[in-house]
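**Student:** Got a structure here, written out as structure tokens. Questions coming.
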Ligand SMILES: C[S@@+](CC[C@H](N)C(=O)[O-])C[C@H]1O[C@@H](n2cnc3c(N)ncnc32)[C@H](O)[C@@H]1O
């Protein structure tokens, strides 16, 4: 169920308990759906599908629960596959709960080669929706194109900064703007731009550890907000202008173990969604915060244009 605000009528403890209950039910439901083969078409390879088919429903559920830990617990390649399914199912649920219609238009910010949102939107819209992505890194855009070539959606990828959205997209034409594990990339790219680091032409994952360390340093020495606030809120303002009245912005984040290996800390990286929420509210862009049962506000930010 969609709720307006962060339900301040109950204590934070109760709210977290309630979210956990919802999440728990989701895990059971999801594990059953995966075991039944309902998600088989999302696998990239037959080997991956067979690997997951060998797991019991309980094992799948317990692994899904590991993804809620911070950092996520992922053991080997089968968990990589399972976490992909998990996030696709989460986005399907989100799009359904927000009543995104079959012929909707969705903008994704900074997908890189990630296909969680585009796959979920393909399902929800029955291949009839319009999907637009803003992505800067060229190699990841090319990988994204390869991985989405079999989808039925109308897909357009704009290789530009999301802050330039209004130059490509008419005002008030978009139903939902979404970013999967993208707040981190957006903020780190802002810092990289200020320091003259290339994130567009080269291999993104070669520079990623440096981006994480620079972000960590700025957060811990208290300079982060000064460095990123204006550029971040400019991007949010830009996408806001493209949203239809009462359109949604949804941003999530979860801590990948590799981000910790690359020099990030759980403490700093767990703050992305709450920082985004704080700064979007402070910039007074015209978004109100909403929440969805079963989606932990620590990892999911839902905003509605008003
Ligand atoms: C690691 S990938 C993203 C992975 C993806 N979000 C996922 O599903 O995990 C990072 C991508 O974000 C892009 N990016 C960062 N800031 C951006 C911005 N302001 N506009 C467009 N793309 C951006 C980078 O160029 C890169 O392609």
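The values are calculated or read from the model by the stated rules, or taken from the named source; none is laboratory data. Treat the numbers as computed from the prediction; the structure is a model and nothing was measured. Quick reminder, even Gly has a Cβ in these numbers, built from the backbone with ideal geometry, and neighbours come from all protein chains shown.
**Student:** Among all residue pairs at least 6 apart or on different chains, which show Cβ distances below 8 Å where the first residue, located in the range 136-164, is under 19 Å from residue 202 (Cβ atoms) and assigned to a loop (DSSP other than H, G, I, E, B) and the second is modelled with pLDDT of 95 or more and more than 11 Å from the ligand (Cβ to nearest atom)?
**Tutor:** Partner pairs satisfying both residue conditions: 160/167; 160/168.
**Student:** OK, next. Does residue 154 satisfy the criteria of being under 18 Å from the mean Cα position of the chain (by Cα) and at pLDDT 95 or above?
**Tutor:** Against the criterion (under 18 Å from the mean Cα position of the chain (by Cα) and at pLDDT 95 or above), residue 154 does not qualify.
**Student:** Just checking: which of the helices (runs of 4 or more DSSP H) contained wholly in the range 21-98 hold 2 or more residues that are closer than 27 Å to residue 302 by Cα?
**Tutor:** 57-66, 76-97
**Student:** Taking the residues in the range 188-215 that are within 8 Å of the ligand (Cβ to nearest atom) and either touching a helix residue (DSSP H, G or I) at 6+ places or on another chain (Cβ under 7 Å) or not in a helix (DSSP H, G or I) (or both) as candidates, determine which candidate is farthest from residue 115 (Cα to Cα).
**Tutor:** Ranking the qualifying residues of the range 188-215, first place goes to 190.
**Student:** Which of the residues that make up the range 220-260 are free of Cβ contacts under 8 Å to residues at least 12 places away in the same chain and not in a helix (DSSP H, G or I)?
**Tutor:** 221, 222, 223
**Student:** Kindly check whether there is at least one residue in the range 163-183 that is surrounded by fewer than 21 Cβ atoms within 10 Å (Cβ to Cβ), near the ligand (Cβ under 8 Å from one of its atoms) and farther than 30 Å from residue 298 by Cβ.
**Tutor:** No, the range 163-183 contains no residue that is surrounded by fewer than 21 Cβ atoms within 10 Å (Cβ to Cβ), near the ligand (Cβ under 8 Å from one of its atoms) and farther than 30 Å from residue 298 by Cβ.
**Student:** If you don't mind, there's one more thing I want to ask. Is there a residue in the range 128-148 that is surrounded by fewer than 22 Cβ atoms within 10 Å (Cβ to Cβ), within 22 Å of residue 244 (Cβ to Cβ) and within 8 Å of the ligand (Cβ to nearest atom)?
**Tutor:** No, because not a single residue in the range 128-148 is surrounded by fewer than 22 Cβ atoms within 10 Å (Cβ to Cβ), within 22 Å of residue 244 (Cβ to Cβ) and within 8 Å of the ligand (Cβ to nearest atom).
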